[in-house]
Amino acid sequence: MAQRWLIDPKKKQYKANLHSHSTMSDGKLTPEELKKAYKDKGYDILAITDHEYPKSHADMSEKDFLMLTGYEAYIRPSRICAFNRFKPEIHINLIARDKDNEGIVAYDPFYCKYMPIHKAVAARHYGNIGSRKFTVLYLQKFIDLANSSGYLVSLNHPCWSMQDYKDIKKLNGFWSMEIFNTSSMKTSGYAENMPLYDSLLRDGKRMFVHGSDDNHNKKPMSDPMSDSFGAWTMISADKLEYKAVTDALAAGDMYASTGPVIESICIDGNEVKVKTSEAKFIRMHMTPKYAKTVYDKKGGNVTEATFKLPDDASYIYFSVTDGDGGKAYTHAFDIK
């Protein structure tokens, strides 16, 4: 097998929050305040994805900071979009491939409640206007429509949303799934979604993974329950420009993290070589029962690992755990 870079060290990695909310929906910070907070914290990319409010913030981009266009759509069992903490729902992030795409997918006025009505009526509409339905058939049509309308479609916080696995595995067309969601982790304490992702892999489903804050900033950033800066996505792109970044996202040139950096992963012959920031554990996963781990037996840190490619697995993915408990995950890579 020829040398194959899964994470190429020659490409710069850009730190991104792909899910956030401003005062345009139910967030507490203005778009300008969000941008400043994330730029000051060392991020390179921010997507402000207000609820049912597609809005380009491209005019806020700078040479060293990129704003992505998008919004969060959601579908509930309630005809009028009523929240019920005991019933499932689905939340879907739409990241626009074109920075000027502000189109609304399947507009329903009960859901599109933050956008002023005159803007909602005047906006570009994709698909029929009318009632949304919490059925697999309707959800699939919504996902298909969003994809054909120029959006990258991600599955948000499936644990928090209480989605039934038998329904999730019937859906196709998700570009990626949130493995970490800071807001959900602060809410429930167990919103790490790798077990769900692994189940989907074993059922033959393929999508990428990413991390996001989903921040609403209802608590100050100094508060232990703050939902900012907890999970992010590292994107390997040719340059910090809109098309280069969205092309990298579409190709899966990214990984999710709450701390560690994965500097490179290379398949060379029958071996996989991984380089990371200081870590307690570097793992190559094949199933929950089947993983290989590199660590320092004296309790120190490691920064490199070499694994033999398995001959009895169809895919592999990688995780890194640091001394503070932070984790990083890649998506799965097919090897057969």
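The values are calculated or read from the model by the stated rules, or taken from the named source; none is laboratory data. Everything numeric here is computed off the predicted structure, so don't read it as measured data. Cβ: placed from backbone, ideal geometry, glycine included. Neighbour counts: every protein chain shown. These area figures cover heavy atoms from the full protein model, side chains too; ligands, DNA and RNA do not enter into them. Shrake-Rupley method; radii C 1.70, N 1.55, O 1.52, S 1.80 Å.
Have a look at LYS35, LYS28 and point out the one that is within 20 Å of ASN93 (Cβ to Cβ) and in contact with a helix residue (DSSP H, G or I) (Cβ under 6 Å, 6 or more places away or on another chain). Quick ask: steps written out before the conclusion?
Details: LYS28 fails: in contact with a helix residue (DSSP H, G or I) (Cβ under 6 Å, 6 or more places away or on another chain).
From the options LYS35, LYS28, the qualifying one is LYS35.
Could we say that MET177 is at pLDDT 95 or above and part of a strand (DSSP E or B) here?
Yes, satisfied.
Going residue by residue through region 108-116, is there one that turns out to be acidic (Asp, Glu), in contact with a helix residue (DSSP H, G or I) (Cβ under 8 Å, 6 or more places away or on another chain) and over 19 Å from HIS210 (Cβ atoms)?
Looking for residues that are acidic (Asp, Glu), in contact with a helix residue (DSSP H, G or I) (Cβ under 8 Å, 6 or more places away or on another chain) and over 19 Å from HIS210 (Cβ atoms), one finds none in region 108-116, hence no.
Would you check which residues across region 273-293 are in contact (Cβ under 8 Å) with a residue 40 or more places away in the chain and among the β-branched types (Val, Ile, Thr) and list them?
Answer for region 273-293, where residues must be in contact (Cβ under 8 Å) with a residue 40 or more places away in the chain and among the β-branched types (Val, Ile, Thr): VAL274, THR276, THR287.
Please identify the pairs in which a residue from region 186-210 that is under 15 Å from SER161 (Cβ atoms) has its Cβ atom under 7 Å from the Cβ atom of a residue that is among the polar types (S, T, N, Q) and not in a loop (DSSP other than H, G, I, E, B), counting only partners at least 6 apart or on another chain.
Once the first residue is under 15 Å from SER161 (Cβ atoms) and sits in region 186-210, its partners that are among the polar types (S, T, N, Q) and not in a loop (DSSP other than H, G, I, E, B) give ALA191/ASN181; ALA191/SER184.
Among ASN217, ASN270, which is touching a Leu at 6+ places or on another chain (Cβ under 6 Å) and either free of Cβ contacts under 8 Å to residues at least 12 places away in the same chain or surrounded by 14 or more Cβ atoms within 10 Å (Cβ to Cβ) (or both)?
Criteria check complete, one pass: ASN217.
Condition test on ASP238, is it in contact with a Gly (Cβ under 9 Å, 6 or more places away or on another chain) and farther than 23 Å from ASN156 by Cβ?
When the stated conditions are applied, ASP238 does not pass them.
Taking the criterion of being charged (D, E, K, R), more than 26 Å from CYS266 (Cβ to Cβ) and touching a residue at least 12 places away in the same chain (Cβ under 8 Å), would at least one residue in region 51-58 satisfy it?
yes
State all residues of region 290-328 that are closer than 20 Å to GLN3 by Cα, of a type in the set (Lys, Arg) and either surrounded by 13 or more Cβ atoms within 10 Å (Cβ to Cβ) or touching a Phe, Trp or Tyr at 6+ places or on another chain (Cβ under 6 Å) (or both); if no residue qualifies, say none.
Within region 290-328, none qualify.
Report, by residue number, each residue of region 143-167 that is under 13 Å from GLU89 (Cβ atoms) and open to solvent by less than 10 Å² (accessible area, probe 1.4 Å).
LEU155, ASN156, HIS157, PRO158, SER161
Can you work out which of the residues in region 30-65 that are more than 30 Å from PHE142 (Cα to Cα) and assigned to a loop (DSSP other than H, G, I, E, B) is most open to solvent (accessible area, probe 1.4 Å)?
LYS63
Go through region 237-251 residue by residue and tally those that are open to solvent by 10 Å² or more (accessible area, probe 1.4 Å) and not charged (D, E, K, R).
Within region 237-251, residues that are open to solvent by 10 Å² or more (accessible area, probe 1.4 Å) and not charged (D, E, K, R) number 5.
Can you find even one residue in region 1-18 that is in contact (Cβ under 8 Å) with a residue 24 or more places away in the chain, out of contact with any Phe, Trp or Tyr (no Cβ under 9 Å at 6 or more places or on another chain) and open to solvent by less than 20 Å² (accessible area, probe 1.4 Å)?
Scanning region 1-18, I find no residue that is in contact (Cβ under 8 Å) with a residue 24 or more places away in the chain, out of contact with any Phe, Trp or Tyr (no Cβ under 9 Å at 6 or more places or on another chain) and open to solvent by less than 20 Å² (accessible area, probe 1.4 Å), so the answer is no.
Among the listed residues TYR114, TYR138, identify the single one that is in contact with a His (Cβ under 7 Å, 6 or more places away or on another chain) and surrounded by fewer than 20 Cβ atoms within 10 Å (Cβ to Cβ).
That would be TYR114, the only listed residue that is in contact with a His (Cβ under 7 Å, 6 or more places away or on another chain) and surrounded by fewer than 20 Cβ atoms within 10 Å (Cβ to Cβ).
Take THR287 and decide whether it is open to solvent by 10 Å² or more (accessible area, probe 1.4 Å), at pLDDT below 95 and not small (Gly, Ala, Ser).
Here the answer is yes, as THR287 does meet what is asked.
If I filter region 195-214 down to residues being farther than 21 Å from VAL320 by Cβ and not polar (S, T, N, Q), which single residue comes out as surrounded by the fewest Cβ atoms within 10 Å (Cβ to Cβ)?
GLY204
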